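Student: Let me give you the structure first, and then I'll get to my questions.
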Amino acid sequence: MAIYEQFHHISRWGDAFNVDNSPNTGSSTIVPADVRLNNKAEYISCEQVEPSISDQETNKPADKIQRRLAQNREAARKSRLRKKAYVQQLESSRLKLAQLEQELERARQQGIYKSGASGAGGFGLPATVNSGITAFEMEYTHWVEEQNRQICELRTALAAHVTDIELRILVESGLNHYCNLFRMKADAAKADVFYLISGIWRTSAERFFHWIGGFRPSEILNVVVPQIEPLTDQQHLEVCNLRQSSQQAEDALSQGVDKLQQSLAEDVASGLCSGNYRAQMVAAIDKLEGLENFVSQADHLRQQTLQQMVRILTTRQAARGFLAMGEYFHRLRALSSLWAARPRESA
Amino acid sequence: MHCQTTGSWGSYMPTTRTAATVVVGDPLERIERLASENAVVIFSMSSCCMCHAVKRLFCGMGVNPSVIELDQDPRGRDMEKALIRLLGASPAVPVVFVGGKLVGAMDRVMASHINGTLVPLLKQAGALWL
């Protein structure tokens, strides 16, 4: 392989690594910390080799041997670095591939959903329904990017010990950001409530914890509260009450959804052997409209719980709370990517 | 209830009536009367799953609510319309009254539970003991 061809490869790898190192790339790509150093080493060694080629003609034979030995050492070193870079490139490509596969699966589900909607015939306008979901998908991607940015901002602000006033602004933005999500979800629910309930818009690990179209408020309290200790006695009491009331509200909604499932099944299953099912379908549609109501109440509960949490806590505690919460979901998203990218036995 | 019977409508006719009033009794008045008969009153419909959820919420808290199923009441239709007017929104059910006073629909009930105002209200109305 000609030397200049080698340099070309190295600089391409360098570019690829620069893209990966951007901190806000969707769900995280785990790139080893010393990649940047390797890039610099590559570029530096490229520059060093060139001058010694032109020097060769002007010096004596003894020096030639020395120079050749140095060149060999240099080439060996470069070779080792290239190998290391190549392996790291493979690792990050594997992660990227896993992510792309996940996105493709999601898009395929969307495709199935689209053909399903047009096949159903007569249930409203399939085109409108699709565009509502497509819009949500795009908006949600932006939402996650903005969330990651806010997490970084919170972490920096807390480490830098900024004033409470500045923290207050960050806490308010965090709360508003979640309120925006709930607004987006309300629109998506009108387009297709099943889409929200399925959790297909979230990553696989998040989906494992999915509850009526989103996260479970009491779970978030369990995650966040240990991260923001110490609390005053009064705060402990209020947090206990909040935990209990959110748990009770969740149980109530869960039971409501169970009842809805049961009565939907009864409606659909009524008169299976008689064949004619128009009346049953009408009753079933009514029940399904009730499902939108449950997703709406669940999001309302999420919002109320976050707002109450902010009320109970000091500004600094609330900031740590939002950071903890954001980081928690970020890690679940990262976990989903890692899981998808893990080495598997070929079938 | 103290009534005077005149005309052919029996004992539900109010003693004073104008041409415009409903002769079988104002549904809103009936709602308010029913609401004041118990510490916790839930207006519901037997087929409504959100109503089931709100009932489970109170039972889960150890409260024993009194439930009025509008689809099983002969005057349910009128009361449903009156509740929609009262709430300013659809659906009419579930609606919760505590101590005779309107708390609201599901979202208001949940909000007041989360922000800690529901439990004191229930204790005040005698629906919950420590």
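Student: Using alpha carbons only, what's the Rg to Rh ratio of the range A:206-305 with Rh from Kirkwood?
Tutor: Details: Rg = 18.8 Å, Rh = 15.9 Å.
Rounded to two decimals, Rg/Rh equals 1.18.
Student: Provide the FRET efficiency to the nearest 0.05 for the A:Glu91-A:Glu219 pair, computing r from the beta carbons and using R0 = 35 Å.
Tutor: Numbers: r = 32 Å, r/R0 = 0.92.
Efficiency at R0 = 35 Å is approximately 0.60.
Student: Would you mind ranking A:Asp299, B:Asp107 so that the residue whose beta carbon has the fewest other beta carbons within 10 Å leads the list? Could you put the intermediate results ahead of the total?
Tutor: On the way: A:Asp299 22, B:Asp107 15.
Least crowded to most crowded, the residues run B:Asp107, A:Asp299.
Student: Taking the Cβ of each residue in B:Met79, B:Met61 as the centre, tally the other Cβ atoms inside 10 Å and list the residues starting with the fewest.
Tutor: Working: B:Met79 22, B:Met61 19.
Going from least to most buried by this count: B:Met61, B:Met79.
Student: Also, I was wondering about something else. Give me log10 I(q)/I(0) at q = 0.12 Å⁻¹ for the range A:267-331, Debye formula, one equal scatterer per alpha-carbon, no solvent.
Tutor: -0.56
Student: Hey, got the dipole for the range A:188-270? About the Cα centre, +1 on K and R Cβ, -1 on D and E Cβ, debye to the nearest 20? Please report the intermediate quantities before stating the final value.
Tutor: Numbers: 6 positive and 11 negative charges, 50 e Å.
The dipole magnitude comes to about 240 debye.
Student: Another question, then. At a threshold of 8 angstrom on Cα-Cα distance, excluding pairs fewer than six apart, so keeping six or more, what relative contact order does the range A:255-340 reach in percent? Display every interim value, and only then the final one.
Tutor: Working: 20 pairs, mean separation 19.2, N = 86.
The normalised contact order for the range A:255-340 reaches 22 percent.
Student: Give the relative contact order (percent, whole number) for the range A:148-256; include only Cα pairs under 8 Å separated by 6+ residues. If you can, show how the numbers build up before the last one.
Tutor: Details: 34 pairs, mean separation 16.3, N = 109.
The value is 15 percent.
Student: Mind sorting A:Trp339, A:Trp201, A:Trp143, B:Trp129 by how few other Cβ atoms lie within 10 Å of their own Cβ, fewest first? Display every interim value, and only then the final one.
Tutor: Numbers: A:Trp339 13, A:Trp201 20, A:Trp143 16, B:Trp129 7.
Ascending Cβ contact count within 10 Å gives the list B:Trp129, A:Trp339, A:Trp143, A:Trp201.
Student: What distance in nm separates the simple spin-label points at A:Ala76 and B:Asp71, each placed 7 Å from Cα in the Cβ direction?
Tutor: 8.5
Student: Kirkwood hydrodynamic radius for the range A:295-347: how many Å is it when counted over pairs of different Cα atoms?
Tutor: Details: mean 1/r = 0.0732 Å⁻¹.
One decimal place: 13.7 Å for the Kirkwood radius.
Student: How much FRET efficiency would the formula 1/(1 + (r/R0)^6) give for A:Ala265 and A:Leu69, where r is the Cβ-Cβ distance and R0 is 56 Å, rounded to 0.05?
Tutor: On the way: r = 81 Å, r/R0 = 1.44.
The pair A:Ala265/A:Leu69 has a calculated efficiency of 0.10.
Student: Where the convex hull is taken over the Cα atoms of the range B:75-130, what is its projected area averaged over directions, in nm²? Let's see the in-between values first.
Tutor: Values: hull surface 17.0 nm².
That works out to 4.3 nm².
Readers should treat all values here as calculations from the given coordinates under stated rules, not as data from a laboratory. These numbers come from a predicted model, not from an experiment. Here the Cβ is made from the backbone with ideal geometry for all residues, glycine too, and neighbour counts use every protein chain on show.
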